[in-house]
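**Q** Could you have a look at this structure, given as C-alpha cells, before my questions?
The values are calculated or read from the model by the stated rules, or taken from the named source; none is laboratory data. What you are looking at is a predicted structure, and each value in this text was computed from that prediction instead of being measured. Cβ placement follows ideal geometry from the backbone for every residue including glycine, while neighbour counts extend to all protein chains displayed.
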Amino acid sequence: MKICRNMIFWISSSLFLASNFLFAEGITKEEFSSWWVGYRSDPNVPSELRTMEDYVVNSGVLPHASDFWNSFNKYNIQQITLYGYENFKVTVTRNYFTWVVNANHGYSRNLLRIPSSSLVYLPPEEMNKVHPFFTPEESMQFNMTIRNFLSYILSIGGAPFLEKLQEPMIGNPPFLLYQNKRVSQDIFNSLLEYLAVTKHCSTEKISTIIEIGAGSGRTAFCFLTLLPKVKYVIADFPPALYISQKYLSAVFPNKRVMTFRPFNTFEEISEEFQKAEIVFLTPDQLKKLPKKCGDLFLAIDCLHEMRPEEISRYFNEAERLCSYFYFKCWQTTVCDGNFYSSESYPVRPRWKVCFKEPCFVPSDFFHALYEMPNANNKN
Ligand SMILES: C[S@@+](CC[C@H](N)C(=O)[O-])C[C@H]1O[C@@H](n2cnc3c(N)ncnc32)[C@H](O)[C@@H]1O
C-alpha cells in the first residue's frame, strides 16, 4: 500500500514538475489574479492561505511579484492544495532551496568534487534511503549530495553547530541520520549562511533580523535556534508566507508570533509588533515599519528573481531598516528577460563591504555582507 502511494506520488509529482517548465516562463499579474478568482473556492485550499492570497490579489500587492514568481506561486498553491502542508518539504521547497540535481549542476558541482578520501562514512541504510516523492534515482543523487555536504560542513568546523540543529519532522523532510540526528540540505545551507554572517558581524549586534523571500523559513529556523533571543521578521508572498508562518509557529511553540494581517499604519500594530518574537508580513507591508527597527537584512536566493525596480526598493528598505545586509544570488541569471550578474545589484558606494565571494554551495552562487551607515549620515 505504501509502495503504491509512493509510486503515484512519483508519477504525479514528476508530471507536475515537468509541467512546471511549461509555465516557468512566467504569467502576468492579471493572469494570476483571474486564475486565483476561479481557484480560491477549491475546498482543499487552506483557509489561512486563502485569506493571505485574497489580500495579495485585492490590495495591490501583486505588482511586487515578477511574472516568474506569479507562475511559481500558482504552481506552489496547487501543490499545497493537492499534497497538503504536511508534505511541503518534498513539494514546494523544491522550488525554494531543496535541490535534487545531478553532479554537474551549478548547485552541487563543488560538493561532488570532494575526494572520496575526505568523505564521511554513512551506512548503506542511509545512503540507500528512498525519500517520499523522490524517485530511487533522485534519492541516490540526493543522498550523495547530503553525505558530501555533511563532509564539507564537518571540514569547516560545523560539528558543534550540528549538535544544536536537527531537521524538524514537520513537512515530511528528506533527511539522513548522522550520529542519530536528522541532517538535511536545509540545515547545512542555513548553517553556511549563519556562519558567513556571524564571522563578520558579531552576534551581539543582531537583535532583530528582517528576511525577505524566506521560503519555508529554513534560515529563520537556524538563526532562531542558534540565537534564541533574536526577533525575526519575514516579508514574503503566500504561499511561502503561509508555510513559514505555520511552520515556525509550530517549531517554536513558545515564541510570541504576530501572524499576517492587513493594517494601514504602523501605529495599529506597534504594540503587537514590539512584543512579537516572530512577525509575518507581505512585501508591501515592509514600508510601514519604522526606520532602523532591525539590525540584519537577509535576502537569500530571491533578489535575482525580482524585477529591477523591486530589487531597488529592497536595497532602499535594507538601508532604511537595518545596519547589515546579507544577500546570496546566482552569479549570473535571467528573470523576466532581465539579466543579472554579481555586479548588477544597486549596492551604495557608502556601504562597507564585509565580504563578497563565490559560495562553495551552491557552486554558482555568490554571497555578500555589507555594513550600511545610518541612513541619516549618508555620504
Ligand atoms: C527561491 S525561493 C528562496 C527561499 C528562501 N530564501 C530559501 O533560500 O530557502 C524565493 C523566495 O522569494 C520570494 N519572493 C519572490 N518575489 C518576492 C518579492 N518581491 N518580495 C519578497 N519575496 C519574494 C518567494 O515567495 C520565495 O519565498
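**Q** Among the residues of segment 75-89, are any of a type in the set (A, V, I, L, M, F, W, C), closer than 23 Å to residue 101 by Cα, away from the ligand (no atom under 12 Å from the Cβ) and touching a His at 6+ places or on another chain (Cβ under 9 Å)?
**A** The answer is no, given that none of the residues of segment 75-89 is of a type in the set (A, V, I, L, M, F, W, C), closer than 23 Å to residue 101 by Cα, away from the ligand (no atom under 12 Å from the Cβ) and touching a His at 6+ places or on another chain (Cβ under 9 Å).
**Q** Output the residues belonging to segment 283-333 that are out of contact with any strand residue (DSSP E or B) (no Cβ under 7 Å at 6 or more places or on another chain) and among the β-branched types (Val, Ile, Thr).
**A** 311
**Q** Restricting attention to segment 59-74, which residues are among the hydroxyl-bearing types (Ser, Thr, Tyr) and either near the ligand (Cβ under 9 Å from one of its atoms) or surrounded by fewer than 21 Cβ atoms within 10 Å (Cβ to Cβ) (or both)?
**A** Keep residues of segment 59-74 that are among the hydroxyl-bearing types (Ser, Thr, Tyr), which gives 59, 66, 71.
Answer for segment 59-74, where residues must be among the hydroxyl-bearing types (Ser, Thr, Tyr) and either near the ligand (Cβ under 9 Å from one of its atoms) or surrounded by fewer than 21 Cβ atoms within 10 Å (Cβ to Cβ) (or both): 59, 66.
**Q** How do the pairs read when you match residues in segment 260-280 that are of a type in the set (Ser, Thr, Tyr) with residues anywhere that are at pLDDT 95 or above, using Cβ under 7 Å and keeping only pairs 6 or more apart or on different chains?
**A** Short answer, once both residue conditions are applied: 265/288.
**Q** Okay, next question. Residue 106 is checked against (1) surrounded by 17 or more Cβ atoms within 10 Å (Cβ to Cβ); (2) within 20 Å of the chain's Cα centre (by Cα) and fails just one. What number does that condition carry?
**A** (1)
**Q** Report whether or not residue 170 is touching a residue at least 24 places away in the same chain (Cβ under 8 Å), under 25 Å from residue 45 (Cβ atoms), within 16 Å of the ligand (Cβ to nearest atom) and in a loop (DSSP other than H, G, I, E, B).
**A** On the way: touching a residue at least 24 places away in the same chain (Cβ under 8 Å): yes; under 25 Å from residue 45 (Cβ atoms): yes; within 16 Å of the ligand (Cβ to nearest atom): yes; in a loop (DSSP other than H, G, I, E, B): yes.
Criteria met by residue 170.
**Q** Quick check on my filter: what residues within segment 37-46 are surrounded by 13 or more Cβ atoms within 10 Å (Cβ to Cβ) and touching a residue at least 24 places away in the same chain (Cβ under 8 Å)? Let's see the steps before the verdict.
**A** So the first thing to find is which residues in segment 37-46 are surrounded by 13 or more Cβ atoms within 10 Å (Cβ to Cβ), and the list is 39-40, 45-46.
Selection gives 39, 45, 46.
**Q** Would you say residue 234 is of a type in the set (Val, Ile, Thr) and in contact with a Ser or Thr (Cβ under 7 Å, 6 or more places away or on another chain)? First the steps, then the outcome.
**A** Values: of a type in the set (Val, Ile, Thr): yes; in contact with a Ser or Thr (Cβ under 7 Å, 6 or more places away or on another chain): yes.
Yes.
**Q** Going through 114, 156 one at a time, which residue ends up being under 15 Å from residue 189 (Cβ atoms) and of a type in the set (A, V, I, L, M)?
**A** Of 114, 156, the one residue that is under 15 Å from residue 189 (Cβ atoms) and of a type in the set (A, V, I, L, M) is 156.
**Q** Suppose we filter 228, 308, 290 for residues that are within 16 Å of the ligand (Cβ to nearest atom), surrounded by fewer than 19 Cβ atoms within 10 Å (Cβ to Cβ) and over 25 Å from residue 45 (Cα atoms); which single one remains?
**A** Details: 228 fails: within 16 Å of the ligand (Cβ to nearest atom); 290 fails: within 16 Å of the ligand (Cβ to nearest atom).
Just one listed residue meets the conditions, 308.
**Q** Out of the residues in segment 318-335 that are more than 10 Å from the ligand (Cβ to nearest atom) and not hydrophobic (A, V, I, L, M, F, W, C), state the one that is nearest to residue 192 (Cα to Cα).
**A** Among residues in segment 318-335 that are more than 10 Å from the ligand (Cβ to nearest atom) and not hydrophobic (A, V, I, L, M, F, W, C), the one nearest to residue 192 (Cα to Cα) is 326.
**Q** Something else about it: Taking the condition part of a loop (DSSP other than H, G, I, E, B), closer than 24 Å to residue 323 by Cβ and within 13 Å of the ligand (Cβ to nearest atom), does residue 214 pass? So that I can check it myself, show each step before the final result.
**A** Numbers: part of a loop (DSSP other than H, G, I, E, B): yes; closer than 24 Å to residue 323 by Cβ: yes; within 13 Å of the ligand (Cβ to nearest atom): yes.
It is true that residue 214 is part of a loop (DSSP other than H, G, I, E, B), closer than 24 Å to residue 323 by Cβ and within 13 Å of the ligand (Cβ to nearest atom).
**Q** Regarding residue 10, is this residue at pLDDT below 95 and among the aromatic types (Phe, Trp, Tyr)?
**A** Details: at pLDDT below 95: yes; among the aromatic types (Phe, Trp, Tyr): yes.
Yes.
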